[in-house]
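Asks: Pasting a structure here, questions to come.
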Amino acid sequence: MILVDTSVWIDYLNGFQSQHTDSLDSGIVEGTVAMGDLIFLEILQGIRNDREYRTTKQALSTLDRLEMFGQGMPEKCAENYRALRKQGIAIRKTTDVIIATFCIERRMPLLFIDRDFTLFVDHLGMLSVLPET
């Protein structure tokens with residue numbers, strides 16, 4: 001299974017074609033894409049049109065849903081954030097820390113565009129779906 005960050009989903013849902021969206025499309029067809037609850041929230045909260053909201057919600061609800069911020073995760077997220085800060089690295093969004101930590105703990109590859117995730121790959125061993133990201 002792989003997890004896909006919100007930015008890739010947004011590009012995919014808006015019909016933007018890239019290496020990332022092609023990889024997402026392949027993962028959906030193969031049945032290897034899981035949906036994190038936090039990512040599901042981020043996608044849905046950004047949709048303004050009610051019809052598009054319902055359609056997207058229904059389509060994404062067919063994917064396996066994973067709880068990302070369960071027992072023990074706050075401490076693990078704080079530890080990862082602090083480990084990067086000690087190296088002089090600041091992560092811009094707490095949600096990125098949660099998503100990355102979830103992937104690190106589960107050894108689940110992440111498909112992403114956001115450059116902050118590269119820091120988790122380089123410094124904390126997070127797995128990336130695409131080798132060059």
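Asks: With of a type outside the set (Phe, Trp, Tyr), at pLDDT 95 or above, within 16 Å of ASP5 (Cβ to Cβ) and in contact with a Leu (Cβ under 6 Å, 6 or more places away or on another chain) as the only criterion, which of LEU63, LEU110 stands out?
Replies: Details: LEU63 fails: in contact with a Leu (Cβ under 6 Å, 6 or more places away or on another chain).
That would be LEU110, the only listed residue that is of a type outside the set (Phe, Trp, Tyr), at pLDDT 95 or above, within 16 Å of ASP5 (Cβ to Cβ) and in contact with a Leu (Cβ under 6 Å, 6 or more places away or on another chain).
Asks: Taking the options ASP96, ASP114, name whichever one is under 17 Å from VAL8 (Cα atoms), out of contact with any strand residue (DSSP E or B) (no Cβ under 8 Å at 6 or more places or on another chain) and not in a helix (DSSP H, G or I).
Replies: Details: ASP96 fails: not in a helix (DSSP H, G or I).
After ruling out the rest, the residue left standing is ASP114.
Asks: At least 1 residues that are under 19 Å from SER128 (Cα atoms) in each: list the helices (runs of 4 or more DSSP H) lying fully within the stretch 1-90 that qualify.
Replies: Correct list: 6-13, 19-30, 37-45, 73-86.
Asks: When the residues of the stretch 117-133 are filtered to those that are aliphatic (A, V, I, L, M) and not in a loop (DSSP other than H, G, I, E, B), which remaining residue is farthest from SER23 (Cα to Cα)?
Replies: Kept after step one, since they are aliphatic (A, V, I, L, M), are these residues of the stretch 117-133: 119, 121, 124, 126-127, 129-130.
Among the residues that remain, those that are also not in a loop (DSSP other than H, G, I, E, B) are: 119, 121, 124.
On the way: LEU119: 21, VAL121: 18, LEU124: 23 Å.
Going through the qualifying residues, I end up with LEU124.
Table: residues versus (1) surrounded by 15 or more Cβ atoms within 10 Å (Cβ to Cβ); (2) at positive phi; (3) of a type in the set (A, V, I, L, M); (4) in contact (Cβ under 8 Å) with a residue 60 or more places away in the chain.
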{"residue": "TYR12", "(1), (2), (3), (4)": "yes, no, no, no"}
{"residue": "VAL29", "(1), (2), (3), (4)": "no, no, yes, no"}
{"residue": "ASP37", "(1), (2), (3), (4)": "no, no, no, no"}
{"residue": "LEU41", "(1), (2), (3), (4)": "no, no, yes, no"}
{"residue": "ILE47", "(1), (2), (3), (4)": "yes, no, yes, no"}
{"residue": "ASP50", "(1), (2), (3), (4)": "no, no, no, no"}
{"residue": "LYS57", "(1), (2), (3), (4)": "no, no, no, no"}
{"residue": "LEU60", "(1), (2), (3), (4)": "yes, no, yes, no"}
{"residue": "MET68", "(1), (2), (3), (4)": "yes, no, yes, no"}
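Asks: Now a separate question. Being touching a Leu at 6+ places or on another chain (Cβ under 9 Å) and surrounded by fewer than 19 Cβ atoms within 10 Å (Cβ to Cβ): is that true of GLN19 here? Steps first, please.
Replies: On the way: touching a Leu at 6+ places or on another chain (Cβ under 9 Å): yes; surrounded by fewer than 19 Cβ atoms within 10 Å (Cβ to Cβ): yes.
So GLN19 fits the description; yes.
The values are calculated or read from the model by the stated rules, or taken from the named source; none is laboratory data. As the structure is a computational prediction, the values presented were derived from the model and not from experiment. Methodologically, a virtual Cβ is constructed for each residue, glycine included, from the backbone with ideal geometry; neighbour enumeration extends over all protein chains shown.
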